[in-house]
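The following block contains the structure, expressed as structure tokens.
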Amino acid sequence: MLGLLRENNLLGRATSKYLLIGVGLILPLVEVLAADLYIAPQTKKVNIGDNFSVILYVDSPDQAMNAVSFRISYPTNLLKINSISKSGTIINLWVQEPNFYNGEIIGEGVVLNPGFTGTKGNIITINLKALNPGTAELKFISGSVLANDGLGTNILKNLYGAKIDILSREKIEEKEETLTSYILPKPQITSPTHPDQEKWYNLKDVKLLWELPSNVTEVKTLLGQKIDVIPQVSYIPPISSKEITIPYDGIWYFSLQFCNNQGCSSVARYKLKIDTTPPEVNIKEIERQDLSNPQVKIYIDSKDNLSGISYYLISLNGAEEKWYDDGSHIYEVKNAKIGENEIIVKAFDKAGNYSEAKLKFLVNPLEAPIINYYTKEINQGDIFIVKGKSKYIKSYAILELFDSKGIKYTAKSEVDESGNFEIKIENLPSGNYKGYVYIIDQQERKSKPSSEIYVNVEIPVFIKLLGLALILLIIILGLIIVVVYYIIKINKIRENIEKELEEMHKKVESFISYLSNKFEEQIKILNETKNKRELTEEENKILHELENKLIQFKKYLHKELKNLEDIIEK
């Protein structure tokens, strides 16, 4: 209770300020006075079926009190609690609303500064109904009364309960319904928005669902951060779902209870772990003595007050890595490049919130090697040699050459204990090259490039002459192939022409035969007419012309056929 008072700033500010300063001097002189917590009347007689009330009081006549808590038992077979009233109470703030379940009445409340001093301070009024004959006792299981002294001193001295004598009536005007020991089932709560009660979520809007039994007439709910609170918010008719918005981050409990005219079920609680606050993250480079060292270590300092850090997403030079802290908080960079690097660290908490931090760091190159000698002109097939010196012994000198098309040729050599190296490349194609040498040491550090190297790879003279002879030979062979091709082509054309002429000869002969027949038919017709009668002068003229033309036509066609035959034979 004291912690709750301090947490809610409910203790008197002036009291706590000065009391904490002088507590060492004053405390031995303070007399702890007494307070009583009691139920009135302490004895009462009622009849079966009577509705009646008792009041829970506090007496603190000599010292101000500002907090009270109580837990009272009652026999459920003899008494039924109809309701609990806070009307006229001295309590300003209920830490735990007064409620009843399973034969107990509980509550916890605060009287704001300056507290309560006096007698008969009304806490609650309990409205009851007598069920069966017998003596019903209202007993305190526990209770406390805290002083308004800045320390939360428990000043409770006495707890007094009450006895209720329930008498039988000779005449019962109305027969009461027999009560049964019916117990409603405990609600089963689910959530589509927050399905796992042990998982953290960054969503404050929650939906909760449950199934309603047919005999439930009332549903009670409550949202709070204490697991043992009793639902107070009543819904009649009962509801089967609830949408709520969590006020602020933390662990919350949604409490639910089913009720009807026979009583209430056990309380069901659904845990909600809410964290919408991103974690804090800061990063710094662990100091390097040698800035050319690419093995950079980053110290990651992060904090998340609720769900805790889950993992990190680290980006560097286009590469991204999911990283889990082993407890050292140190991340070792794996792909730093020469020059300026930027690392981005995103810290994710277990609810999915994240924050990011950025850091730039430099990786300086090693000193460039010095080139002492290289072969500037070589013939194709000769060995290209580069000699030089570096201060980084037992490292590697890497040669990179590029031709005019940008094709790269590489070779390497170890730097000896004197710092000298010699790199060789064999079988370079002819052409012009340029390149450089750089150093890679045992820590994978890279140097600046050396001064540029230029080399011309020539084709040997005898290969050039041989190449010229081959070119001439190829030209001659090409001409021969062309001539042979056209000879073959011409012969092929001649064969085709001969075939065409033979075909033409046949067609011409056929045509001559056809025309001769036609001429002879006309001559025959005129001669037959001549035998029958004398021909007219015109008909005689036509007959002589046809006979002459036929003779001339045959001579001409035979001559042409003879010429065509001669062409074919040639």
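Just to verify a number: FRET efficiency for T193 and N293, C-beta to C-beta distance, R0 = 60 Å, to 0.05?
Details: r = 50 Å, r/R0 = 0.83.
Efficiency at R0 = 60 Å is approximately 0.75.
If you don't mind, another one. Where does the charge balance sit around K207 when Lys and Arg score +1, Asp and Glu -1, over other residues with C-beta under 14 Å from its C-beta?
Details: positive: K204, K242; negative: D205, E243.
Here the count lands on 0.
Would you calculate the separation in nanometres between label points at N260 and N82, each defined as 7 Å from the Cα along the Cα-to-beta-carbon direction?
So the label points at N260 and N82 sit 2.2 nm apart.
Right, next: Suppose the chain between S241 and S53 were pulled fully straight at 0.36 nm per residue; how much longer would it get relative to their current alpha carbon spacing? It would help to have the intermediate numbers written out before the result.
Values: separation 188, 0.36 × 188 = 67.68 nm, distance 3.48 nm.
That works out to 64.2 nm of additional length.
What are the GluC sites (Glu not before Pro) within region 355-445 that DSSP puts in a loop, where the Cβ has at most 10 other Cβ atoms within 10 Å?
E417, E426, E444
Also: Return the sequence-ordered ³J(HN,Hα) values of region 404-412 in whole Hz as given by the Karplus equation 6.51 cos²θ - 1.76 cosθ + 1.60 applied to θ = phi - 60°, using x for Gly and Pro.
Once rounded to whole Hz, the list reads 5, 8, x, 6, 9, 10, 10, 7, 9.
Just to verify a number: FRET efficiency for K376 and E342, C-beta to C-beta distance, R0 = 35 Å, to 0.05?
Working: r = 42 Å, r/R0 = 1.20.
My answer for the efficiency is 0.25.
Net charge near V457, counting Lys/Arg +1 and Asp/Glu -1 over other residues with Cβ under 11 Å of its Cβ? Show your work: numbers first, answer last.
Details: positive: K376; negative: E377, D382, D403, E458.
Around V457, the surrounding residues sum to -3.
Could you put D149, D249 in order, starting from the residue whose Cβ has the fewest other Cβ atoms within 10 Å? Present the calculation step by step, with values, prior to reporting the outcome.
Values: D149 22, D249 19.
Ascending Cβ contact count within 10 Å gives the list D249, D149.
For a quick check: with amide H placed at 1.01 Å from N, whose amide H comes under 5 Å from T375's, ignoring anything fewer than 5 positions away on the same chain?
Under 5 Å from the amide H of T375 lie the amide H atoms of I385, each far enough along the sequence or on another chain.
Taking amide H positions as placed in the peptide plane 1.01 Å from N, state which residues far from A64 in sequence (5 or more) or on other chains have amide H under 5 Å from it.
N148
Which shape class applies to region 200-274: rounded if a/c is under 1.5, otherwise prolate when a/b exceeds b/c and oblate if not, where a ≥ b ≥ c are the square roots of the Cα gyration tensor eigenvalues?
On the way: a/c = 2.62, a/b = 1.88, b/c = 1.40.
Because a/c hits 1.5 or more and a/b exceeds b/c, region 200-274 counts as prolate.
If we count other beta carbons within 10 Å of each Cβ, what is the order of D228, D275, fewest first?
Values: D228 11, D275 23.
By the 10 Å Cβ count, ascending, the order reads D228, D275.
Sort V46, V437 so that the residue with the fewest other Cβ atoms within 10 Å of its own Cβ comes first and the one with the most comes last. Don't skip to the answer; put the middle values down first.
Values: V46 17, V437 29.
In increasing order of surrounding Cβ atoms, one gets V46, V437.
Here is a follow-up. Amide H to amide H under 5 Å from S395: which residues, 5+ apart in sequence or cross-chain, H placed 1.01 Å off N in plane?
Distant-sequence amide H within range of S395: V415.
Here is a further query. Expressed in nm to one decimal, what extension gain is obtained for the pair E218 and A319 from 0.36 nm per residue of sequence separation less their Cα-Cα distance?
30.5 nm
Hey, another quick one. With the cut-off at 27 Å, tell me which of the pairs K499/K524; K139/K271; K337/K389; K297/K346 have Cα atoms farther apart than that. It would help to have the intermediate numbers written out before the result.
Numbers: K499/K524 38 Å; K139/K271 33 Å; K337/K389 24 Å; K297/K346 16 Å.
Too far apart for the 27 Å limit: K499/K524; K139/K271.
Bear in mind that the values in this text are calculations on the coordinates, not laboratory data. Keep in mind that what you see is a predicted model, and the values were worked out from it rather than measured. With ideal geometry, Cβ positions are generated from the backbone for all residues, glycine too; neighbour counts draw on all protein chains shown.
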